[in-house]
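Encoded as structure tokens, the structure appears first; notes follow it.
The values are calculated or read from the model by the stated rules, or taken from the named source; none is laboratory data. Worth saying up front: this structure is predicted, and the values here are computed from it rather than measured. Counting neighbours? That spans all protein chains shown, and the Cβs are built from the backbone with ideal geometry, glycine included. These accessible areas exclude ligands, DNA and RNA; they are computed on the full protein's heavy atoms, side chains included. Shrake-Rupley method; radii C 1.70, N 1.55, O 1.52, S 1.80 Å.
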Amino acid sequence: MTELMEVSETASTINPVDAVLDATAEAFEIMLSCSVTKLELQAQTWDTSFNDITAVIALTGTINGTICLSFPKQTAFEAVNRMVGILPDEIDALVCDAVGEFANVVGGSAKDKTNDPTMKLGLPNVIHGEDHHIEIPSSASPVCVEYDSDIGPFMVLFGFSGA
Amino acid sequence: MNILVVDDSAMTRMVAKKTLNSLGFDNVQEGEDGVQALEIFKEQSIDVVFTDWNMPNMNGLELLIEIRKINKDVPIIMVTTEGSRSKIVEAVQNGINDYLVKPFTPDSLKEKLTKWVSVTA
């Protein structure tokens, strides 16, 4: 048990915004062996234009948050290819699952980095289709980060209330 | 060696299975939630369990508790995004053997498996 406890003893606390940025870079590095570059970070509204496929995950607790990871389909296809060696040619169940799992990992990792024991992670939801929009009933003003990566561009839109 | 991988993400199960196969472990069973995994566990002789925590129907902690009612010894390793101290304590108190926080690398999965295979051998 002592050995297991050391895993969390080393955790330090960072603010939710940095937690999401760090968690995103880490997930790409570890899951895809892929480095990412932040292109632009700007204040945004939830009613924005997303890419072809988007995963949404909620964090609830003293601080409430929503994280959206949105991918052009070619980026999502290449992510699947890197993980399991299958290159999809359409957005199917496997692609949705992969994008959802990405949001799960980023959300979970961000939660741990904030070191807030009240925070709980929801299950991811995945939306796809051309020009889709997502209504997020949140009072938090979101931040949008555009990324480029070895497997293509993607976007992370997230906001926290109480932060 | 019969290994049970439990995760509601098909992608994660595929990645885990691919890694385990590459290490020479060909008998890998898959469960997409705790309910399905418990059925597999009761029907087959399972040597090691890797399970996610957050899953629909029956989560990984509930699965752990159910398996411990019928088997106190089988190594169970939680592979999850839940890496907080309180969660680890809860899992340890309910009989988890080891813990791997997502995202995981193939090497970290291999390390955990090697550790528990050598312990039980």
> What are the residues in the range B:17-33 that are closer than 18 Å to A:Cys96 by Cα and small (Gly, Ala, Ser), if any?
Replying inline: none
> What's the number of the condition B:Ala10 fails, among (1) over 22 Å from A:Ala79 (Cα atoms); (2) surrounded by fewer than 22 Cβ atoms within 10 Å (Cβ to Cβ); (3) within 9 Å of chain A (Cβ to nearest Cβ)?
Replying inline: (1)
> Restricting the search to the range A:38-69, which residues are open to solvent by 20 Å² or more (accessible area, probe 1.4 Å), modelled with pLDDT of 85 or more and of a type in the set (Gly, Ala, Ser)?
Replying inline: A:Ala58, A:Gly61
>> Residues to consider are A:Lys120, A:Lys111; find the one that is open to solvent by 30 Å² or more (accessible area, probe 1.4 Å), within 14 Å of another protein chain (Cβ to nearest Cβ) and in contact (Cβ under 8 Å) with a residue 40 or more places away in the chain.
In response: A:Lys120
> Out of curiosity, is B:Ile67 farther than 24 Å from B:Thr19 by Cα, modelled with pLDDT of 95 or more, among the aliphatic types (A, V, I, L, M) and surrounded by fewer than 24 Cβ atoms within 10 Å (Cβ to Cβ)?
Replying inline: yes
>> Can you find a residue that is among the polar types (S, T, N, Q) and at pLDDT 95 or above anywhere in the range A:105-124?
In response: no
> Do you know which of the residues in the range B:73-118 that are more than 19 Å from B:Arg13 (Cα to Cα) and charged (D, E, K, R) is farthest from the other protein chains (Cβ to nearest Cβ)?
Replying inline: B:Asp73
> Of all residues in the range B:16-35, which are without any contact (Cβ under 8 Å) to a residue 12 or more places away in the chain and assigned to a helix (DSSP H, G or I)?
Replying inline: B:Lys18, B:Asn21
> Which of the residues that make up the range A:134-161 are assigned to a loop (DSSP other than H, G, I, E, B) and of a type outside the set (Asp, Glu)?
Replying inline: A:Ile134, A:Ile136, A:Pro137, A:Ser138, A:Ser139, A:Ala140, A:Ser141, A:Pro142, A:Ile151, A:Gly152, A:Pro153
> Out of the range A:81-100, which residues are charged (D, E, K, R), assigned to a loop (DSSP other than H, G, I, E, B) and open to solvent by 70 Å² or more (accessible area, probe 1.4 Å)?
Replying inline: A:Asp89, A:Glu90
> Of everything in the range B:91-110 that's open to solvent by 50 Å² or more (accessible area, probe 1.4 Å) and modelled with pLDDT of 90 or more, which residue is farthest from the chain's Cα centre (by Cα)?
Replying inline: B:Gln93
> If you scan the range B:59-72, which residues turn out to be away from chain A (no Cβ under 14 Å) and either closer than 16 Å to B:Ile3 by Cα or touching a residue at least 24 places away in the same chain (Cβ under 8 Å) (or both)?
Replying inline: B:Glu62, B:Leu63, B:Ile65, B:Glu66, B:Ile67, B:Arg68, B:Ile70, B:Asn71
